[in-house]
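Engineer: This is the structure I have questions about; it appears just below.
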Amino acid sequence: MAPMEWVPRTAKRSGRFKRLVLEEGNEGYDDLVRTGQNLFWPDEEGCFTLCHPDGTSSLIKYDESFLLGEGSFGQVYAGSYQGTPAAVKRIVFGGAKVNEKDIHHEINVSLRLSHPNIVRLLAASRNDTCFLLATEYIHGAPLDDVINSDTCIVKLEGHDDEFIALDLAMAIEYIHAQHVIHQDLKPANVMIQLQSKKAVLTDWGLANIRDTVQLRQGSRIEGRAVGPTGGTFLYMAPECILSFQDASSYTDMWSLGATYLELFTRSTPWVIRRQRELAALMTSKTPPHALQSLNEKYHFLCSLLNYEPQSRPNASEVVEFLKSEIGLDLESRYGYKW
């Protein structure tokens, strides 16, 4: 493999960044790549640039008049990256308690993930006041709108529900194999493409930085408690609600089950008004209310929503169940059979 080079955008900034010559196989290669991925800087007009291994620079652009979503920590706009449509998330520093290390970690992990059911991070950059994250633009609607709004542009029919469930299971299977946990899986974090009805895990248009798709590798999450601010409580596992246990693949599987429950019943998992009501229900190990409306053929959801974490199936087992037990025509959907 030919050597790669990370260089500053302009000569007048020489000395601010180290000139890195990278060659695969050299000692410290991976560390140098990660260092290069973190070199972000603004240009003179306030636009953001990202340096690539080939030494070129590109712009992340967004239209402030085309707001896709907003929250207390910033906004998400329609924009572009290298002329490609993108959803551009602006995370503002300042009074809000934004953990910059978490943002860097999310960027670095996202750059290493590649799966058809996970939104692609196209570029990231920052200046002294904010981060910009450009992800691929999904033409469609969030799953919570698809299943709860009569006016949503995306309409599900036939076996679309089951294929969406399979898409999500395959995405979770992939990230768990990469030692990554999601921490906040819910319908609002899933986009459904308008034409193909493909489900894609995504992170824009959400309330705040603590309510986004947070991708963390195992070594970073170990020993860290996940409480009410680390996810959306209606979809959180009981061990996180009641005892603030560390997030794990088991907690992801509960959240996947709660998301499936809303998908298949068109009802929220719990009928409650306050989080303390949910804590009381979970203390008595009450099953989610929406299970009462579930079709028997989706009985596997009961195992995903088991109060014993180790008794929940893993994502690979869910994928296998959906492919074999539900009887989906995989070839018509994906073009091939497993």
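The values are calculated or read from the model by the stated rules, or taken from the named source; none is laboratory data. On a predicted model such as this, the values are computed, not experimentally measured, just so you know. Every residue, glycine among them, receives a Cβ derived from its backbone with ideal geometry; neighbour counts consider all protein chains shown.
Engineer: Thr286: assigned to a loop (DSSP other than H, G, I, E, B), modelled with pLDDT of 50 or more and of a type outside the set (A, V, I, L, M), yes or no?
Structural biologist: Answer is yes for this residue.
Engineer: Hey, does the range 265-274 have a residue that's more than 25 Å from the chain's Cα centre (by Cα) and surrounded by 15 or more Cβ atoms within 10 Å (Cβ to Cβ)?
Structural biologist: The first filter runs over the range 265-274 and keeps only residues more than 25 Å from the chain's Cα centre (by Cα), leaving 271-274.
Still in the running and surrounded by 15 or more Cβ atoms within 10 Å (Cβ to Cβ): 272.
Within the range 265-274 (the criterion being more than 25 Å from the chain's Cα centre (by Cα) and surrounded by 15 or more Cβ atoms within 10 Å (Cβ to Cβ)), the answer is yes, since at least one residue qualifies.
Engineer: Keeping to the range 112-129, report how many residues are touching a strand residue (DSSP E or B) at 6+ places or on another chain (Cβ under 7 Å) and modelled with pLDDT under 75.
Structural biologist: Selection size over the range 112-129: 1.
Engineer: Also, quick follow-up: May I ask you to say which residue of Ile175, Ile164, Ile181, Ile153 is more than 29 Å from Arg112 (Cα to Cα) and either in contact with a strand residue (DSSP E or B) (Cβ under 8 Å, 6 or more places away or on another chain) or surrounded by 24 or more Cβ atoms within 10 Å (Cβ to Cβ) (or both)? Spell out how you get there, then give the answer.
Structural biologist: Working: Ile175 fails: more than 29 Å from Arg112 (Cα to Cα); Ile164 fails: more than 29 Å from Arg112 (Cα to Cα); Ile181 fails: more than 29 Å from Arg112 (Cα to Cα).
Residue meeting the stated conditions: Ile153.
Engineer: Which one of Leu305, Leu256 is over 21 Å from His179 (Cα atoms), touching a residue at least 12 places away in the same chain (Cβ under 8 Å) and either in contact with a Leu (Cβ under 8 Å, 6 or more places away or on another chain) or surrounded by 21 or more Cβ atoms within 10 Å (Cβ to Cβ) (or both)?
Structural biologist: Values: Leu256 fails: over 21 Å from His179 (Cα atoms).
After ruling out the rest, the residue left standing is Leu305.
Engineer: Hey, another quick one. Checking Gly71 against (1) at pLDDT below 90; (2) in contact with a strand residue (DSSP E or B) (Cβ under 9 Å, 6 or more places away or on another chain); (3) surrounded by 16 or more Cβ atoms within 10 Å (Cβ to Cβ), only one condition comes out false. Which one?
Structural biologist: Single failed check for Gly71: (2).
Engineer: Right, here's the next one. Kindly establish whether Leu132 is more than 12 Å from the chain's Cα centre (by Cα), modelled with pLDDT of 85 or more and not assigned by TED's automatic domain parsing to the domain that holds Leu234.
Structural biologist: yes
Engineer: Confirm whether Arg224 is modelled with pLDDT under 90, under 24 Å from the mean Cα position of the chain (by Cα) and assigned by TED's automatic domain parsing to the domain that holds Leu185.
Structural biologist: yes
Yes or no, residue by residue, for (1) among the hydroxyl-bearing types (Ser, Thr, Tyr); (2) under 18 Å from Trp254 (Cα atoms):
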| position | (1), (2) |
| --- | --- |
| Glu100 | no, no |
| Asn117 | no, no |
| Arg120 | no, no |
| Arg126 | no, no |
| Ala141 | no, no |
| Thr151 | yes, no |
| Phe163 | no, no |
| Glu173 | no, yes |
| Met191 | no, no |
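Engineer: Let me ask you something else. What's the total number of residues in the range 77-107 that are at pLDDT 80 or above, out of contact with any Phe, Trp or Tyr (no Cβ under 9 Å at 6 or more places or on another chain) and of a type outside the set (Ser, Thr, Tyr)?
Structural biologist: 2
Engineer: Take the range 164-195 and flag every residue that is of a type in the set (Gly, Ala, Ser) and more than 21 Å from Arg266 (Cα to Cα).
Structural biologist: Of everything in the range 164-195, those that are of a type in the set (Gly, Ala, Ser) and more than 21 Å from Arg266 (Cα to Cα) turn out to be Ala171, Ala177.
Engineer: Moving to a separate point now. Going through the range 289-302 one residue at a time, which ones are surrounded by 11 or more Cβ atoms within 10 Å (Cβ to Cβ) and assigned to a helix (DSSP H, G or I)?
Structural biologist: His289, Ala290, Leu291, Ser293, Lys297, Tyr298, Phe300, Leu301, Cys302
Engineer: Does the range 244-258 include one or more residues that are closer than 30 Å to His104 by Cβ, modelled with pLDDT of 90 or more and in a loop (DSSP other than H, G, I, E, B)? Let's see the steps before the verdict.
Structural biologist: Applying the first criterion (closer than 30 Å to His104 by Cβ) to the range 244-258 yields 244-256, 258.
Then drop every residue that is not modelled with pLDDT of 90 or more, which leaves 249-256, 258.
Next, only the ones that are in a loop (DSSP other than H, G, I, E, B) stay: none.
Taking every residue of the range 244-258 in turn, none turns out to be closer than 30 Å to His104 by Cβ, modelled with pLDDT of 90 or more and in a loop (DSSP other than H, G, I, E, B).
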